[in-house]
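Notes to accompany the following structure.
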Amino acid sequence: MFDFDGTVAVGDGPVLAYASAVARRLAPAAARDFLRDIETALTHHREAGFGPEFLDGYDLVARRACSAGLSPSEVSEAYLCSRSLLGTAQAAVTTPDGLAELLRDLGRCVHIALVTNAPIVRLLGTLESLGVAERFDEVIYAAGKPSGLVPFAGQRLAVGRVLSVGDIWENDLAPVAALGGDTALIGRPAPGIHPTFHAPTLAELAASIRAWASCASRPAHAPPPHRRGTPHAS
C-alpha cells in the first residue's frame with residue numbers, strides 16, 4: 001500500500017496552495033508575514049526534514065495557521081479549498097523518478113492500494129494526469145490514518161503479507177508495523193524507529209520493494225478495483 005502526498009505525488013505546490021488559502025483568511029500584513037514564514041520554513045525543512053517538530057508541510061501550515069489566530073474550522077476550510085487546486089498549476093505535483101515503472105512491475109504479482117488521508121477532491125483526476133491511476137487496484141481516501149489504517153491493514157494481513165510505503169512513520173507505517181506488516185520509509189528514520197526498509201527517495205527504495213514483492217503473492221481472492229472513503233476529510 002502506498003501513501004499519496006509525499007510518496008506518489010511530490011512537490012511543494014499543494015502545501016503552498018494551502019498556505020495561500022490560509023493567508024486569504026488573515027489581515028494583509030499578517031498574510032504577508034505568514035507566507036514568508038512558511039516559505040522559509042519549507043526551505044529549511046526540505047534540507048533538514050520535518051521531524052520531530054512537524055509531521056510534514058501540511059502539519060507545518062496547520063499549526064502556524066492556528067498560531068496566527070485561525071480557528072480549527074477555518075484551517076480545515078482553507079485546506080479543503082486548496083485541494084480544489086490539486087494537480088493544477090496553482091498546486092502542481094509530479095511523481096518520483098521511476099514510480100510508473102515500479103507500479104507496473106508490482107502489479108504483476110501483488111495487489112496495490114493507495115491509502116491517503118486526503119479527500120476525494122481532485123484526487124482521482126490528479127492520479128490520471130500523473131499517469132498512474134490504472135496502476136492501483138484500490139484507492140482509499142479520507143482514510144483517517146493512523147488509526148484508520150489498522151482495519152484495512154489487518155484485513156490484508158489476514159490473507160497475506162503487507163508492505164506499507166510512505167514518508168511519515170507515524171501515519172503511514174507505524175500502524176502496519178504494529179500489526180506485524182512490513183514498512184518502507186522514504187526518508188531518514190528517527191532514533192528508535194526501525195522500518196523494514198528505508199532510503200532518502202522512493203527511487204532508492206525501488207529495488208527493495210521489488211524484492212519484497214517477488215516473495216509475496218497477490219491474494220487468491222483480491223477484491224475488485226474500487227474507490228472508497230469516509231465522508232469526511234482528514
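Computed from the coordinates by the stated procedures, all read-outs in this text should not be read as laboratory data. If you're wondering where the values come from, they're calculated on a predicted model, not measured in any experiment. A quick note on method: Cβ atoms are made from the backbone with ideal geometry, for glycine too, and the neighbour counts reach across all protein chains shown.
Values computed for the structure shown
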{"item": "√(5λ) per eigenvalue of the Cα gyration tensor, the stretch 1-102, largest first, Å", "result": "24, 15, 12"}
{"item": "The stretch 99-229: C-alpha gyration tensor shape, a/c 1.5 cut-off, then a/b vs b/c", "result": "rounded"}
{"item": "Tilt relative to the chain, helix 13-23 - C-alpha long axis, 0 to 90 degrees, to 10", "result": "30"}
{"item": "Potential extension, THR88-ARG210 segment - 0.36 nm per residue separation minus Cα distance", "result": "40.8 nm"}
{"item": "Label point 7 Å beyond Cα of VAL150 along Cβ direction - residues of the stretch 28-72 with amide nitrogen under 14 Å", "result": "none"}
{"item": "Inter-label distance, nm, simple model (7 Å from Cα along the C-beta direction), LEU157/ILE193", "result": "1.9"}
{"item": "Mean projection area, nm², convex hull over Cα of the stretch 45-149", "result": "8.2"}
{"item": "Length added when fully stretched, HIS44-ARG24, from 0.36 nm per residue minus Cα-Cα", "result": "4.8 nm"}
{"item": "Net lengthening on full extension, ASP105/GLU77 (0.36 nm per residue, minus Cα-Cα)", "result": "6.2 nm"}
{"item": "Rounded to the nearest 20 debye, dipole of the chain from Cβ charges on Lys, Arg, Asp, Glu", "result": "440"}
